[in-house]
Amino acid sequence: MAISYRPSRAFKGTLATLAALLLVLLIVRAIVLWDGSSSPAPTPRAVVASTAPDHAPSALVPAPGRVGLAEMPAPFPWTRATPLPKPLRFQVDLDLLAPLGDGPANAAIWFRDFAKVDGSRTAWGDDKRVIRRVGGVDESVFPPDHAVLLEAEPWVEQATMRFYPDIWPVAGPETNIPNLLFEITLAKSWAARAETASDPSLAREDYRRAVRLGRLILQDDVTLIANLVGLECVRIGARGLYEQARRNGDAETMLAASLALHDADAIRQIAAERITRITVPAEYRWHWSRPLSPTIRAADEQFEAALEMARKDPSRALRLEGQWALMGYVVAGTRAQGRQAREALVALSRDPDPLVASSARATLAAADRTSWRELLRMMKSAP
């Protein structure tokens, strides 16, 4: 005999309620995911008037130091050093290649005028660049007598170049940066001019300008991208000095330049490896702890690496990169990650380094006003 089953009225009501709840959750999730409006166009900033004098203050640039081959250090063992030097800097004395000048001005006041966003001299002559060989590679550079190239020379004879906080505040992920393309173009242009110079002494001075510019850029240690450009400027000048010293049989300069090239490559590699540890894909997943908003798809190891980097990396720029990674976890991490990330940023807002503390406060403020959609856009647009 067949047995028929008729669900009770209560069971039918329960099913209907569950179906309705499921439908509501699906609708809510669709609304959360939907973004019907495009991002508003950024408001252009007003051009900031220049505060730089017409001419850089006069300065003296000492000749490179000479210590003799017997006193030259061995290459620094970057892969085995524990802990790494703090700050993360060249271990060879760059005064052996290109000492800084003693100019009293902050060179940043001149370079600030070329800032892409609101600089008063953003049109700095792209259309007047030419293609020249630099270290065996074709590069787009300024002609040897370009007015801006000549104007820049005394500015890289100043002793300091500090953008933060003299020119801009450290504002977390919204921190302004100088025009790094302009800066590296100057270094390449001096190297290109050196490679075609008939006077070896003039060529050496141009290579040294590239090294000095790199040293000035590295003084801030606030943004990783600026540090990488500073390292590259030093590398461009050091390579030229190495080749010139090799041709002239100058073993001391040749060794000092090779040590600088070794340090530049090692520091860049260390930075790349550390950033890779904290980089997460621009993807989200749904987590039980945040049913109405997704979380970033990151492994626990990446979160722990971001915490460690923000707290104690030997490079200030990498500490700030760690902070900005923590912002992502505050906005769209799991509940536990968001709590730990916020606690770490609050502690860092009291850091003895005022730039680290300023960045932490700005990063927390940015996290509180950033939605997970905006964070996803930021992650997708990151280089």
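The values are calculated or read from the model by the stated rules, or taken from the named source; none is laboratory data. On a predicted model such as this, the values are computed, not experimentally measured, just so you know. So basically every Cβ, Gly included, is an ideal-geometry build from the backbone, and we count neighbours across all protein chains shown. To get the accessible areas, we keep the full protein, side chains included, count just its heavy atoms, and leave off ligands, DNA and RNA. Shrake-Rupley method; radii C 1.70, N 1.55, O 1.52, S 1.80 Å.
What number goes with the only condition from (1) at pLDDT 95 or above; (2) in contact with an Asp or Glu (Cβ under 9 Å, 6 or more places away or on another chain); (3) under 18 Å from W324 (Cα atoms); (4) not acidic (D, E) that R235 does not pass?
All conditions pass for R235, except number (3).
Go through the stretch 125-150 and give me each residue that's surrounded by 20 or more Cβ atoms within 10 Å (Cβ to Cβ) and either at pLDDT below 80 or touching a Cys at 6+ places or on another chain (Cβ under 8 Å) (or both).
Matches in the stretch 125-150: R132 only.
Step by step: first the residues of the stretch 259-272, then only those that are open to solvent by 40 Å² or more (accessible area, probe 1.4 Å) and not aliphatic (A, V, I, L, M), then the one that is farthest from P64 (Cα to Cα). Which residue is that?
Ranking the qualifying residues of the stretch 259-272, first place goes to Q269.
Output the helices (runs of 4 or more DSSP H) that fall wholly within the stretch 234-334 and possess 3 or more residues being under 23 Å from T223 (Cβ atoms) and β-branched (V, I, T), or say none.
Per the criteria, 251-278.
Among the numbered criteria (1) more than 25 Å from A264 (Cα to Cα); (2) touching a residue at least 24 places away in the same chain (Cβ under 8 Å); (3) assigned to a loop (DSSP other than H, G, I, E, B); (4) over 23 Å from the mean Cα position of the chain (by Cα), which one does A123 miss?
(2)
Find all pairs meeting these conditions: Cβ atoms under 9 angstrom apart; at least six residues apart or on different chains; first residue within the stretch 324-344 and closer than 9 Å to A367 by Cα and open to solvent by 20 Å² or more (accessible area, probe 1.4 Å); second residue at pLDDT below 90 and not in a helix (DSSP H, G or I).
Close Cβ pairs (under 9 Å, with a partner that is at pLDDT below 90 and not in a helix (DSSP H, G or I)) amount to V330/T370.
Determine, yes or no, whether R361 is assigned to a helix (DSSP H, G or I), under 14 Å from A171 (Cα atoms) and open to solvent by 10 Å² or more (accessible area, probe 1.4 Å).
Judged against the criteria, R361 is a match.
Please find, within the stretch 133-190, the residue that is farthest from L60 (Cα to Cα) out of those that are polar (S, T, N, Q) and either assigned to a helix (DSSP H, G or I) or in contact (Cβ under 8 Å) with a residue 60 or more places away in the chain (or both).
Among them, the one singled out is T175.
Only one of (1) modelled with pLDDT under 85; (2) under 21 Å from F163 (Cα atoms); (3) open to solvent by less than 50 Å² (accessible area, probe 1.4 Å) is not met by A107, so which one is it?
(1)
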